[in-house]
Amino acid sequence: MTRAASTRTISGGLDADAIEALYRRHATSVWRYAIARCRNADEAAGIVAAAFLAALESAHRFDPRKGSAVAWLIGIAHHELSSRRRRSVREARGLAALRGRDLLSDDDRQLIDDQIDASRLARRLAGPIADLPRSERELLMLVGTDGLTPREAAHVLGIAPAAARMRLSRARRKLARAAADELVVAPAVSTTRSAKR
C-alpha cells in the first residue's frame, strides 16, 4: 500500500488490512522510540501496544496535513509513556498485565532487553547528550534517532516549530563543542595507555 493510500485509509477509518499495513509500515519506528526510552522489554511492548491501540481508537482524528503517520504514532507513544510515568503505583500495578509480558516469547523478550541494554550503553557513552537539558535531548532523539523532521518533532512535543529549530540548533552547538573537546582529550588518553603497555 502506498503512503498516500495508507493516509486516505487512516483518515477514513481503519479496516483489518489498513491496520496491518499501518503496523507493518511503522512498527519498527515505534519500537525504536520505545526501546530508546523504556526500562525493559515488557515496558517497551506495553508502550508499542498502547500506541497502536490508541491509534486505532483515534484514527478518525489523524490529519496528514499536520504530519506523517509515523510522527503521529510516535507522538501517541510519547504521550503514553509520559502518562504512565506520572501514574500512581496503584495504577502502574493495574497496567502490568497490559505491558505485553505474555505477548512476547522468551527469545523476543531477550532480544528487546539486549537492545535496551545497548541503547543504555550508547547513552552512557554519549555523555554530552546526557548533559543536555531534557527538552533539547528529547528533541535531538526524535530527530536524530527516530527520524522525524524538526516540524514533526515539534508536533510530538507540543511546541512551536520555531522553538524546536532553536532548541535543536542549541543542542547541536553544545554537542559540536563537546566533540571538539573530546578530540583534544582523546589523544592524551591514547598516549597514556600506550605508555603503560
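The values are calculated or read from the model by the stated rules, or taken from the named source; none is laboratory data. None of the values given here were measured: they were computed from a predicted structure. Counting neighbours? That spans all protein chains shown, and the Cβs are built from the backbone with ideal geometry, glycine included.
Listed by first and then second residue, the pairs linking a residue in the stretch 47-74 that is surrounded by fewer than 19 Cβ atoms within 10 Å (Cβ to Cβ) to a residue that is small (Gly, Ala, Ser) and not in a helix (DSSP H, G or I), with Cβ atoms under 6 Å apart and 6 or more places separating them unless they lie on different chains, are Ala49/Gly100.
Of the residues examined, Tyr23 is one that is at pLDDT below 90, closer than 24 Å to Leu111 by Cβ and surrounded by 13 or more Cβ atoms within 10 Å (Cβ to Cβ).
If the condition is being surrounded by 10 or more Cβ atoms within 10 Å (Cβ to Cβ) and either at pLDDT 80 or above or assigned to a helix (DSSP H, G or I) (or both), then the stretch 86-101 contributes Glu91, Ala92, Arg93, Gly94, Leu95, Ala96, Ala97, Leu98, Arg101.
Within the stretch 127-178, track down each residue that is outside any helix (DSSP H, G or I) and within 18 Å of the chain's Cα centre (by Cα). Residues satisfying the conditions are Leu132, Pro133, Thr145, Asp146, Gly147, Leu148, Thr149, Gly158, Ile159. The residues listed here are Ile76, Ile116; of these, the one that is under 21 Å from Arg25 (Cβ atoms), in the same structural domain as Ala55 (by TED's automatic domain parsing) and at pLDDT 80 or above is Ile76. Contact map, the stretch 139-155: residues that are under 15 Å from Arg172 (Cα atoms) paired with residues that are of a type in the set (Gly, Ala, Ser) and modelled with pLDDT under 90, Cβ distance under 8 Å, separation 6+ or inter-chain. Pairs shown: Leu139/Ala171; Leu140/Ala171.
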